[in-house]
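Chemist: Starting off with a structure, shown below.
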Amino acid sequence: MRPERRGRWRGAPSATSSATGVEEGRGSLLIASYNVHKCVGTDNRFDPARTAQVIAELDADIVALQEADQRFGAKAGLIDMARLKRDSGLHPIPVFGRALGEGWHGNLLLIRQGSVARVRQLALPGVEPRGALVVDLDLDQGPLRIVSAHLGLLRRSRAQQADAILSTLGSCRERPTLILGDLNEWRVGSRSSLRNFDPHFGPLTAHLPSFPARFPLFALDRILANPPAMISGMDVHHSDLARITSDHLPIKARINLEGASALMDQTRLAA
């Protein structure tokens, strides 16, 4: 390990959206995750401005991006952050030790408001170089921890990476937590490489196909919550632009952070 406006739900939840969870209220936030595929679309065009347009379409309070930096060489950032902030109000969480890139192993976390209490940069185990950001945020709606990750292509590596994330979370002071990103796993149950997340972030489901973008079949992108009832609705962002801008579609979730904090307080008192 190495060292701000409220969103709104666009349209009705899809038929596959989760309708369970705490009720929406003034602690409500819209969260999104998007693998931007290094700003190369399904038409093989490199177009960072188009990627920024899709991010703005989401109208989310917090967005986790994957593949936001060049993979090799200087690993420079690909998105014009000044323009993105102007168009969407989002700005990046700073990471350390990166002269050119904005993210960590391609992971980039954008927020609209609030302050950053702590950032941890995890180098995850496995055959490929992979990483995760663990970010503690202090928001108007309450404290929130975000784990922004892009897990590996190999099943064994994903299982090791999930365990590494859980180990890090086990050493942190408890607060409402989201794990989100391209987790590269569509299976559920005993065959899933993410099954160790289940006791804390489950029950795990894979009901929101986001890949490939033109004809989504696989739920590779996930938003997981502890407590799970923090999520009151989930959906895939289907727009004409999103279907050509990356090989993944963005996913989004409505959370009630105020309700989640109250639920965790009740659980502690009952223990």
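Chemist: Could you tell me whether G97 is assigned to a loop (DSSP other than H, G, I, E, B), more than 30 Å from T205 (Cβ to Cβ), open to solvent by less than 60 Å² (accessible area, probe 1.4 Å) and at pLDDT below 95?
Modeler: Here the answer is no, as G97 does not meet what is asked.
Chemist: Now for a separate question. Take I31 and tell me if it is modelled with pLDDT of 95 or more, part of a helix (DSSP H, G or I) and open to solvent by less than 10 Å² (accessible area, probe 1.4 Å).
Modeler: When the stated conditions are applied, I31 does not pass them.
Chemist: Kindly indicate the residue of segment 147-164 that is of a type in the set (G, A, S) and touching a helix residue (DSSP H, G or I) at 6+ places or on another chain (Cβ under 8 Å) and also most open to solvent (accessible area, probe 1.4 Å) among those meeting that condition.
Modeler: For segment 147-164, the residue satisfying everything is A159.
Chemist: Now for a separate question. Can you give me the ranges of the strands (runs of 3 or more DSSP E) entirely in segment 151-259 with at least 3 residues that are over 21 Å from L124 (Cα atoms) and within 16 Å of the chain's Cα centre (by Cα)?
Modeler: Here the list reads 231-236, 251-256.
Chemist: With the structure loaded, tell me whether K38 is out of contact with any His (no Cβ under 6 Å at 6 or more places or on another chain), closer than 27 Å to P125 by Cβ and at pLDDT below 75 or whether it fails that test.
Modeler: Here the answer is no, as K38 does not meet what is asked.
Chemist: Additional query: Could you tell me whether L241 is of a type in the set (A, V, I, L, M, F, W, C), open to solvent by 10 Å² or more (accessible area, probe 1.4 Å) and either modelled with pLDDT of 95 or more or in contact with a Pro (Cβ under 7 Å, 6 or more places away or on another chain) (or both)?
Modeler: yes
Chemist: Residue check: is L137 in contact with a Lys or Arg (Cβ under 9 Å, 6 or more places away or on another chain), outside any loop (DSSP other than H, G, I, E, B) and under 20 Å from L29 (Cα atoms)?
Modeler: It is true that L137 is in contact with a Lys or Arg (Cβ under 9 Å, 6 or more places away or on another chain), outside any loop (DSSP other than H, G, I, E, B) and under 20 Å from L29 (Cα atoms).
Chemist: Just name the residue that is nearest to G89 (Cα to Cα) out of those in segment 40-56 that are outside any loop (DSSP other than H, G, I, E, B), of a type outside the set (A, V, I, L, M) and over 17 Å from the mean Cα position of the chain (by Cα).
Modeler: Filtering segment 40-56 for residues that are outside any loop (DSSP other than H, G, I, E, B), of a type outside the set (A, V, I, L, M) and over 17 Å from the mean Cα position of the chain (by Cα), the one nearest to G89 (Cα to Cα) comes out as Q53.
Chemist: Please give the number of the condition F197 fails out of (1) more than 22 Å from L109 (Cα to Cα); (2) buried (at least 16 other Cβ atoms within 10 Å of the Cβ); (3) of a type in the set (F, W, Y).
Modeler: Against the list (1) more than 22 Å from L109 (Cα to Cα); (2) buried (at least 16 other Cβ atoms within 10 Å of the Cβ); (3) of a type in the set (F, W, Y), F197 comes up short only on (1).
Chemist: Which residues, counting only those in segment 104-134, are open to solvent by 30 Å² or more (accessible area, probe 1.4 Å) and either within 22 Å of L78 (Cα to Cα) or in a strand (DSSP E or B) (or both)?
Modeler: Passing the criteria: H105, S115, V116, A117, R118, A123, E128, P129.
The values are calculated or read from the model by the stated rules, or taken from the named source; none is laboratory data. Being a predicted model, the structure only gives us computed values, none of them experimental. Glycine also receives a Cβ, built like all others from the backbone with ideal geometry; neighbour counts cover every protein chain displayed. The area values use the complete protein model at the heavy-atom level, side chains included, leaving out ligands, DNA and RNA. Shrake-Rupley method; radii C 1.70, N 1.55, O 1.52, S 1.80 Å.
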